[in-house]
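*Asks:* Pasting a structure below so you can have a look.
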Amino acid sequence: MEQREIIKVQHFLPQCYLQGFAGDNGKLQTLNLELLLEHGKIPYPREFTPAQLCYEDDFYTLGEGMETFNVKDVADKYTIEKRFHAYENKYRDLISKIEKGGVLQSDDAAFLIRIIFDLKFRNKYFRDKFIAPRQAEVVNEASDEIRELIVNDPDYLSKYEGATEAEILTLSDDIRKKLLNDPDFKKNAHLSALYRQEDGYADALNMLTPKLLHCQWVVLKSDHQFVSNDNPGCSMDKNSLIHNSYFERDFMFFIPLTSSFCLTISDAGIDMDHYNDPRYKRFPVVKAPQSMIDSSNNFAFRHFNKFVYGRDKNLLSQLAKTLQTA
């Protein structure tokens with residue numbers, strides 16, 4: 001049956017997250033950092049609704065050519081986009097629980113980790129900065145593995161009934177050349193990982209969830225003084241270097257959840273409360289020192305796609321002025 005539903009506009013950052021930084025009029029104050037990077041101009045705050053930010057047409061749509069990326073027999077080409085719709089109500093519920101007190105059931109805390117993980121993994125920044133530069137490396141590694149199977153594994157070669165080894169090797173080399181020059185490689189490789197939840201996706205999430213649950217969580221509270229960007233969250237290592245994400249050792253991860261609340265996760269020590277009672281994840285909610293607000297807001301100007309945004313226009317104006325001396 002022909003699919004008639006059309007979902008062309010697709011957000012790589014869900015609107016439920018963006019809404020946490022909107023004012024009473026439902027709009028965010030934004031700084032377009034492309035003005036600085038491409039034209040040397042200091043941006044000034046402009047208002048946008050969440051629907052107007054952080055999207056691209058067909059960003060998650062599964063199109064033609066996905067068979068090469070191990071995606072076959074797709075019943076709904078919008079399945080990846082629809083999968084993220086489940087976050088909308090769940091995220092709001094989690095934020096409400098965090099605002100009310102310093103405890104979550106462990107299932108809720110694990111789901112929050114998954115949301116944070118996907119905010120990074122599903123993001124345009126990940127596609128452009130991590131997948132695209134590795135196109136040649138990924139293609140060549142996969143092609144070398146296939147070539148070795150063709151030459152050394154009779155069972156694998158038998159799948160190509162009626163073709164000679166030389167013919168299969170020629171076909172493999174042709175596919176290698178096609179993929180090395182495929183302008184849609186970064187999109188299709190990204191969609192394949194999201195759709196199949198393989199190629200490192202499931203392994204990374206399964207490793208990260210228990211690790212972060214046992215880390216120390218602190219929620220910083222402010223009067224709408226936190227800003228964020230279109231690739232939210234970053235890690236600081238023991239040498240004070242700022243990473244898009246880093247969870248190996250001696251890290252502190254910052255992610256503003258709303259304009260008023262910022263979650264920090266640190267491996268400086270084990271959360272003994274969770275260790276002793278793994279049904280719950282407890283965390284203090286504390287008034288944010290100005291130094292921590294400043295640090296979090298400065299991190300928003302790292303590892304972005306285009307926009308930094310927040311609720312307070314005056315704050316965004318002040319931050320924009322600091323770019324003149326940065």
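*Asks:* Of (1) touching a helix residue (DSSP H, G or I) at 6+ places or on another chain (Cβ under 8 Å); (2) over 22 Å from residue 48 (Cα atoms); (3) part of a strand (DSSP E or B), residue 308 satisfies all except one. Which?
*Replies:* Checking residue 308 against (1) touching a helix residue (DSSP H, G or I) at 6+ places or on another chain (Cβ under 8 Å); (2) over 22 Å from residue 48 (Cα atoms); (3) part of a strand (DSSP E or B), the one that fails is (2).
*Asks:* So which of 280, 246 is in contact with a strand residue (DSSP E or B) (Cβ under 7 Å, 6 or more places away or on another chain), in contact (Cβ under 8 Å) with a residue 60 or more places away in the chain and either among the hydroxyl-bearing types (Ser, Thr, Tyr) or closer than 26 Å to residue 15 by Cα (or both)?
*Replies:* Details: 246 fails: in contact (Cβ under 8 Å) with a residue 60 or more places away in the chain.
Being in contact with a strand residue (DSSP E or B) (Cβ under 7 Å, 6 or more places away or on another chain), in contact (Cβ under 8 Å) with a residue 60 or more places away in the chain and either among the hydroxyl-bearing types (Ser, Thr, Tyr) or closer than 26 Å to residue 15 by Cα (or both) holds for just one of 280, 246, which is 280.
*Asks:* If you go through the stretch 190-198 one residue at a time, do you hit one that is in contact with an Asp or Glu (Cβ under 9 Å, 6 or more places away or on another chain) and of a type in the set (Asp, Glu)?
*Replies:* So the first thing to find is which residues in the stretch 190-198 are in contact with an Asp or Glu (Cβ under 9 Å, 6 or more places away or on another chain), and the list is 192-194.
Now restrict to residues that are of a type in the set (Asp, Glu): none.
No, because not a single residue in the stretch 190-198 is in contact with an Asp or Glu (Cβ under 9 Å, 6 or more places away or on another chain) and of a type in the set (Asp, Glu).
*Asks:* Please go through the stretch 276-292 and pick out each residue that is in a strand (DSSP E or B) and either of a type in the set (A, V, I, L, M, F, W, C) or surrounded by 12 or more Cβ atoms within 10 Å (Cβ to Cβ) (or both).
*Replies:* Correct list: 280, 281, 282, 285, 286.
Each row is one residue, and each column tells you yes or no for (1) modelled with pLDDT under 95; (2) on the phi < 0 side of the Ramachandran plot; (3) surrounded by 18 or more Cβ atoms within 10 Å (Cβ to Cβ).
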site	(1), (2), (3)
224	no, no, no
228	no, yes, yes
234	no, yes, yes
243	no, yes, no
260	no, yes, yes
274	no, yes, yes
294	no, yes, no
322	yes, yes, no
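*Asks:* Exactly one condition in (1) in contact (Cβ under 8 Å) with a residue 12 or more places away in the chain; (2) touching a helix residue (DSSP H, G or I) at 6+ places or on another chain (Cβ under 7 Å); (3) not small (Gly, Ala, Ser) is not met by residue 215; state its number.
*Replies:* (2)
*Asks:* Kindly indicate the residue of the stretch 34-87 that is in a helix (DSSP H, G or I) and buried (at least 17 other Cβ atoms within 10 Å of the Cβ) and also farthest from the chain's Cα centre (by Cα) among those meeting that condition.
*Replies:* The initial filter retains those residues of the stretch 34-87 that are in a helix (DSSP H, G or I), namely 34-39, 50-52, 66-69, 79-85, 87.
Retained after the next criterion (residues that are buried (at least 17 other Cβ atoms within 10 Å of the Cβ)): 36, 50, 66, 69, 80-81, 84, 87.
Numbers: 36: 24, 50: 17, 66: 22, 69: 21, 80: 14, 81: 14, 84: 12, 87: 14 Å.
Ranking the candidates gives 36 first.
Residues checked against (1) outside any loop (DSSP other than H, G, I, E, B); (2) of a type in the set (S, T, N, Q):
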| position | (1), (2) |
| --- | --- |
| 143 | yes, yes |
| 149 | yes, no |
| 171 | yes, no |
| 175 | yes, no |
| 189 | yes, no |
| 193 | yes, no |
| 198 | no, no |
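*Asks:* Go through (1) out of contact with any Leu (no Cβ under 9 Å at 6 or more places or on another chain); (2) farther than 30 Å from residue 311 by Cα and name the single condition residue 191 misses.
*Replies:* Going through the list (1) out of contact with any Leu (no Cβ under 9 Å at 6 or more places or on another chain); (2) farther than 30 Å from residue 311 by Cα, residue 191 breaks only (1).
*Asks:* I've got another one for you. Hey, any hits in the stretch 124-141 for a residue that's surrounded by 14 or more Cβ atoms within 10 Å (Cβ to Cβ), within 20 Å of residue 8 (Cβ to Cβ) and touching a residue at least 40 places away in the same chain (Cβ under 8 Å)?
*Replies:* Within the stretch 124-141, one or more residues are surrounded by 14 or more Cβ atoms within 10 Å (Cβ to Cβ), within 20 Å of residue 8 (Cβ to Cβ) and touching a residue at least 40 places away in the same chain (Cβ under 8 Å).
*Asks:* Which one of these does residue 238 not meet: (1) loosely packed, with under 13 Cβ neighbours inside 10 Å; (2) of a type in the set (D, E, K, R); (3) over 18 Å from residue 266 (Cα atoms)?
*Replies:* Only one criterion is unmet by residue 238, namely (3).
*Asks:* Only one of 31, 35 is in contact with a Pro (Cβ under 9 Å, 6 or more places away or on another chain), at pLDDT 95 or above and of a type outside the set (S, T, N, Q); which?
*Replies:* When all the criteria are applied, what remains is 31.
*Asks:* Could you check the stretch 147-162 and list, in sequence order, the residues that are surrounded by 13 or more Cβ atoms within 10 Å (Cβ to Cβ) and modelled with pLDDT under 85?
*Replies:* Scanning the stretch 147-162 gives 156, 157, 160.
*Asks:* Just wondering, is there one or more residues in the stretch 184-204 that are of a type in the set (Phe, Trp, Tyr), surrounded by 13 or more Cβ atoms within 10 Å (Cβ to Cβ) and over 26 Å from the mean Cα position of the chain (by Cα)?
*Replies:* No: the stretch 184-204 contains no residue that is of a type in the set (Phe, Trp, Tyr), surrounded by 13 or more Cβ atoms within 10 Å (Cβ to Cβ) and over 26 Å from the mean Cα position of the chain (by Cα).
*Asks:* Within the stretch 245-258, is even one residue more than 21 Å from the chain's Cα centre (by Cα) and on the phi < 0 side of the Ramachandran plot? Can you show your working first?
*Replies:* The first filter runs over the stretch 245-258 and keeps only residues more than 21 Å from the chain's Cα centre (by Cα), leaving 250.
The next check asks that each one be on the phi < 0 side of the Ramachandran plot; those that pass are none.
Checked the stretch 245-258: no residue is more than 21 Å from the chain's Cα centre (by Cα) and on the phi < 0 side of the Ramachandran plot.
The values are calculated or read from the model by the stated rules, or taken from the named source; none is laboratory data. Everything quoted here is computed from the prediction, not taken from an experiment. Glycine also receives a Cβ, built like all others from the backbone with ideal geometry; neighbour counts cover every protein chain displayed.
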